[in-house]
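J.: Got a structure for you, written out below as structure tokens; questions coming shortly.
The values are calculated or read from the model by the stated rules, or taken from the named source; none is laboratory data. The model shown is predicted, which means the values in this text are computed figures rather than measured ones. In this analysis, Cβ positions are derived from the backbone assuming ideal geometry, glycine residues included, and neighbour counts consider all displayed protein chains. These area figures cover heavy atoms from the full protein model, side chains too; ligands, DNA and RNA do not enter into them. Shrake-Rupley method; radii C 1.70, N 1.55, O 1.52, S 1.80 Å.
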Amino acid sequence: MNECPSWQPSAASIDGANMTAFMREVNTRWGINLSDYGALHRWSVEQPERFWISLWDFCKVISIQRGERVLVDGDKMPGAVWFPEARLNFAQNLLRRRDESDALVFWDENGLRRRLSHGELYRAVAQFAAALRSQDVRPGDRVAAIMPNMPETIVAMLAAASIGAVFSSTSPDFGVQGVLDRFSQIAPKLLLAADGYSYRGKRFDCLEKLGEIAHRLTSVQHTVIVPCLDAQPDPRGIRAAQTYADFVAPHAGETEIRFDALPFGHPLSIIYTSGTTGAPKCIVHGAGGVLLQHLKEHRLHSDVKPGDRMFYFTTCGWMMWNWLVSGLASGATLLLYDGSPFIPGRGTLLFDYAETEGMTHFGTSASFIHSIAKLGLEPVTTHRLDKLRVMLSTGSPLAPEGFDYVYRNIKRDLCLSSISGGSDILSCFVLGNPAILVWRGEIQCRGLGMAVEVFNEDGKPVRGGKGDLVCTAPFPSMPLGFWNDADGAKYRAAYFEKYPGVWSHGDYAELTAHDGAIIHGRSDAVLNPGGVRIGTAEIYREVMKLPEVTEALAIDQHWPPGQRSEVRVVLFVCLRDNLILDQALIATIKQSIRRNATPRHVPAKVLQVPDMPRTRSGKLVELAVRNVVHGEPVKNADALANPEALEYFRHRAELQN
């Protein structure tokens with residue numbers, strides 16, 4: 001156990017935290033005396049109906065009605081139903097304000113800067129919603145987007161939600177097949193798409209690609225082209241297409257939005273699994289559950305307050321985009337960015353953005369933090385970050401050394417919230433809390449209302465030991481199901497097959513003595529040499545300490561080849577500055593792992609590759625590499641950002657001996 005925390009909130013910040021205010025309100029309302037977060041979490045799990053209506057009222061959810069019933073069939077998982085009588089509109093809760101303060105700020109890597117006030121955003125949504133209605137878009141219809149993280153994407157999403165249409169998005173760097181693998185399953189009526197995008201100083205024209213996509217997506221009745229590269233893109237080569245400006249022009253006088261009152265469980269969005277092990281699964285999320293869960297995670301677990309300026313580096317193909325957009329419901333200004341986070345010769349623009357715009361919440365990935373640490377950046381000395389209160393990290397486990405770097409080189413006084421959940425629930429199981437301590441290498445706490453446990457191989461809860469992260473009771477942001485899975489068989493098989501009646505999330509984790517959590521990797525990527533389960537993050541932590549290593553990926557290989565009874569650990573590394581992996585560095589890597597982990601963690605082989613395959617949200621794909629090494633097919637390489645990198649792992653002579 002660490003003797004000293006990495007960060008401790010001041011008494012004043014604890015007293016002023018939304019979490020503290022919520023606990024006071026709960027105590028008063030229910031005549032109880034909860035005194036700390038642990039007690040509040042236990043109460044939220046033991047009294048779910050009281051907790052979720054308390055949250056509803058604390059966050060002032062806008063609804064036509066809530067109804068008397070909170071939870072029906074609460075003993076069924078899946079099968080529980082939340083707020084069956086409630087009627088609300090997701091977009092209405094995000095468009096509460098109509099003043100002229102910033103709602104959206106947009107930067108891109110080329111220097112473009114734009115702002116929309118709350119009033120301007122409201123009017124833009126009113127116009128787009130009217131245009132959607134004119135195209136006969138109705139509740140339940142799908143609106144799909146191939147867009148960068150820019151204001152027009154948010155306008156379209158909110159307009160669709162105001163009607164009750166289901167929104168689904170991906171980023172414009174997807175190839176034709178990657179888009180079709182997703183959108184052909186959901187049959188969108190309208191397609192919104194950028195004419196192109198820029199990345200690392202290069203321009204990528206998408207019009208030809210969009211022409212093919214629109215031709216092959218036969219369900220699409222209308223395509224709207226958003227100018228990103230060309231101020232006046234030519235849509236003539238694209239079926240049923242017109243520009244964004246022409247689409248909304250007939251509705252320029254619209255200033256009001258007709259918010260349809262919809263059931264709590266009405267579908268809001270469709271999010272996709274990465275698709276690296278087969279066709280992407282289409283996960284359907286409900287409006288009410290997403291709204292409540294995001295309000296909880298923003299206001300309580302991230303302490304977002306009206307006027308805060310909230311940033312997350314994300315594309316529209318990652319769930320964190322949806323999570324960011326919901327910040328509007330808490331009165332935050334959203335800081336949007338499109339392009340590469342790294343600019344050659346300049347490091348990163350993101351801290352310029354943080355300083356210039358007074359960023360209060362900086363959201364990024366663990367890989368970004370490790371990358372800027374390797375680059376030796378010291379924002380603590382180069383930038384004024386006095387407004388920054390919370391830094392969030394997700395996508396992969398943040399190693400203890402990442403915590404050290406943030407507090408040493410970014411800012412000493414901030415809450416570093418490592419968070420973990422997934423597209424499956426469009427939210428988090430374990431996350432931060434600015435009113436409690438931050439411990440090095442640990443996620444601070446389990447989410448309120450989330451009955452999170454870690455199960456051992458016998459399906460029993462354990463503390464201090466590693467196992468499968470599970471949730472043993474229903475929660476509102478559970479998916480409505482998978483698209484085109486009428487009997488729910490695929491949904492049940494994905495999450496409830498291993499432990500009947502319990503959500504099995506697929507993370508290999510542990511709960512700590514501080515009541516926090518550590519994620520050691522994905523359960524399906526766990527290594528098993530000699531029958532001992534090893535999380536890949538435990539190896540990465542030691543390897544990434546070495547200055548020569550920029551990335552690492554570990555798999556287990558059946559050994560000898562053709563046999564499945566035994567495996568050995570194989571570690572692949574990328575090195576900096578054109579370094580070559582030699583026997584001395586291999587020995588250093590193995591010694592570091594042996595010294596700081598266990599002999600079981602030491603790889604039998606360490607091999608160098610120039611690049612590693614990753615998803616479009618930046619996650620390394622261990623399973624795809626494992627398949628290639630074993631001569632098995634990668635079922636959906638189009639889901640990868642760089643599928644060509646798989647060739648660096650194929651037919652390696654070193655793995656045959």
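J.: Which of the residues belonging to the stretch 373-404 are of a type outside the set (A, V, I, L, M, F, W, C) and within 19 Å of Gly516 (Cβ to Cβ)?
T.: Within the stretch 373-404, Ser393, Thr394, Gly395, Ser396, Pro397, Pro400, Glu401, Gly402, Asp404 meet the criteria.
J.: Restricting the search to the stretch 524-537, which residues are at pLDDT below 85 and in a helix (DSSP H, G or I)?
T.: Asp524, Ala525, Pro529, Gly530, Gly531
J.: Among the listed residues Ala489, Ala473, identify the single one that is under 30 Å from Tyr272 (Cβ atoms), open to solvent by 20 Å² or more (accessible area, probe 1.4 Å) and touching a helix residue (DSSP H, G or I) at 6+ places or on another chain (Cβ under 7 Å).
T.: Answer to the selection: Ala473.
J.: To continue, here is another question. Which count do you get for residues in the stretch 325-349 that are closer than 21 Å to Gly201 by Cα, outside any strand (DSSP E or B) and either open to solvent by 30 Å² or more (accessible area, probe 1.4 Å) or among the polar types (S, T, N, Q) (or both)?
T.: The number of residues fulfilling the criteria is 4.
J.: Is there a residue in the stretch 99-113 that is more than 26 Å from the chain's Cα centre (by Cα), of a type in the set (Phe, Trp, Tyr) and surrounded by 13 or more Cβ atoms within 10 Å (Cβ to Cβ)?
T.: No - not one qualifying residue is present in the stretch 99-113.
J.: Within the stretch 370-398, which residues are at pLDDT below 95, open to solvent by 20 Å² or more (accessible area, probe 1.4 Å) and under 16 Å from Gln444 (Cβ atoms)?
T.: Within the stretch 370-398, Pro397 is the sole residue that qualifies.
J.: Before we move on, is Gly521 part of a strand (DSSP E or B), touching a strand residue (DSSP E or B) at 6+ places or on another chain (Cβ under 9 Å) and either crowded, with 22+ Cβ neighbours inside 10 Å or not basic (Lys, Arg) (or both)?
T.: yes
J.: I'm trying to understand the selection: among the residues of the stretch 178-193, which are charged (D, E, K, R) and either closer than 15 Å to Ser423 by Cβ or touching a residue at least 60 places away in the same chain (Cβ under 8 Å) (or both)?
T.: Asp181, Arg182
J.: If you don't mind, another one. Determine whether the stretch 539-546 contains at least one residue that is modelled with pLDDT under 95, of a type in the set (D, E, K, R), open to solvent by 20 Å² or more (accessible area, probe 1.4 Å) and more than 26 Å from the chain's Cα centre (by Cα).
T.: Looking for residues that are modelled with pLDDT under 95, of a type in the set (D, E, K, R), open to solvent by 20 Å² or more (accessible area, probe 1.4 Å) and more than 26 Å from the chain's Cα centre (by Cα), one finds none in the stretch 539-546, hence no.
J.: Suppose we keep only residues that are out of contact with any Ser or Thr (no Cβ under 7 Å at 6 or more places or on another chain) and open to solvent by 10 Å² or more (accessible area, probe 1.4 Å) within the stretch 184-203. Which one would you say is nearest to Cys316 (Cα to Cα)?
T.: Tyr197
Quick grid of which residues meet (1) part of a helix (DSSP H, G or I); (2) at negative phi; (3) free of Cβ contacts under 8 Å to residues at least 24 places away in the same chain; (4) open to solvent by less than 10 Å² (accessible area, probe 1.4 Å):
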site	(1), (2), (3), (4)
Gln242	no, yes, yes, no
Phe259	no, yes, no, no
Ala279	no, yes, no, no
Gln293	yes, yes, no, yes
His298	yes, yes, no, yes
Ser302	no, yes, no, yes
Cys316	no, yes, no, yes
Met320	yes, yes, no, yes
Phe351	yes, yes, no, yes
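J.: Which members of the stretch 109-159 meet the condition of being modelled with pLDDT of 95 or more, out of contact with any Cys (no Cβ under 7 Å at 6 or more places or on another chain) and of a type in the set (Gly, Ala, Ser)?
T.: Within the stretch 109-159, Ser117, Gly119, Ala124, Ala126, Ala129, Ala130, Ala131, Ser134, Gly140, Ala144, Ala156, Ala159 meet the criteria.
J.: Tell me the residue from Pro643, Pro560 that is open to solvent by 20 Å² or more (accessible area, probe 1.4 Å) and more than 33 Å from the chain's Cα centre (by Cα), please.
T.: After ruling out the rest, the residue left standing is Pro560.
J.: Now a separate question. Looking at the structure I just gave you, is Ala373 within 20 Å of the chain's Cα centre (by Cα) and without any contact (Cβ under 8 Å) to a residue 60 or more places away in the chain?
T.: So Ala373 fails the test.
J.: I want to confirm something. Restricting to the stretch 56-88 and keeping residues that are among the basic types (Lys, Arg) and touching a residue at least 40 places away in the same chain (Cβ under 8 Å), which single residue is farthest from Phe496 (Cα to Cα)?
T.: Across the stretch 56-88, the extreme among qualifying residues is Arg87.
J.: Cβ-Cβ below 6 Å, separation at least six or inter-chain, first residue in the stretch 519-541 and farther than 19 Å from Gly464 by Cα, second at pLDDT below 85 and surrounded by fewer than 18 Cβ atoms within 10 Å (Cβ to Cβ): which pairs?
T.: Pro529/Arg600
J.: I've got another one for you. All but one of (1) of a type outside the set (Ser, Thr, Tyr); (2) under 15 Å from Ser477 (Cβ atoms); (3) within 25 Å of the chain's Cα centre (by Cα) hold for Leu71; state the number of the condition that does not hold.
T.: Every listed condition holds for Leu71 apart from (3).
J.: Going through Asp181, Asp230, Asp234, Asp246 one at a time, which residue ends up being of a type outside the set (Lys, Arg), open to solvent by 40 Å² or more (accessible area, probe 1.4 Å) and not in a loop (DSSP other than H, G, I, E, B)?
T.: On inspection, the qualifying residue turns out to be Asp246.
J.: Mind telling me which of the residues Met359, Met310 ends up being crowded, with 21+ Cβ neighbours inside 10 Å and in a loop (DSSP other than H, G, I, E, B)?
T.: Just one listed residue meets the conditions, Met359.
J.: Tell me, please, whether a residue that is part of a helix (DSSP H, G or I), farther than 18 Å from Pro397 by Cβ and of a type in the set (Ser, Thr, Tyr) can be found in the stretch 577-588.
T.: Within the stretch 577-588, one or more residues are part of a helix (DSSP H, G or I), farther than 18 Å from Pro397 by Cβ and of a type in the set (Ser, Thr, Tyr).
J.: From the list Ser326, Ser330, Ser274, pick out the single residue that is out of contact with any Gly (no Cβ under 9 Å at 6 or more places or on another chain) and modelled with pLDDT under 95.
T.: Ser274
J.: Also, quick follow-up: Taking Pro599 as the residue in question, decide whether it is over 24 Å from Phe368 (Cα atoms), surrounded by fewer than 21 Cβ atoms within 10 Å (Cβ to Cβ) and more than 30 Å from the chain's Cα centre (by Cα).
T.: For Pro599, the condition - over 24 Å from Phe368 (Cα atoms), surrounded by fewer than 21 Cβ atoms within 10 Å (Cβ to Cβ) and more than 30 Å from the chain's Cα centre (by Cα) - is met.
J.: Something else now. Would you tally the residues in the stretch 1-50 being of a type in the set (S, T, N, Q) and in contact with a Lys or Arg (Cβ under 9 Å, 6 or more places away or on another chain)?
T.: 5
J.: Which one of these is hydrophobic (A, V, I, L, M, F, W, C), free of Cβ contacts under 8 Å to residues at least 60 places away in the same chain and within 23 Å of Ser393 (Cβ to Cβ): Val628, Val573, Val569, Val621?
T.: Checking each option against the conditions leaves just Val573.
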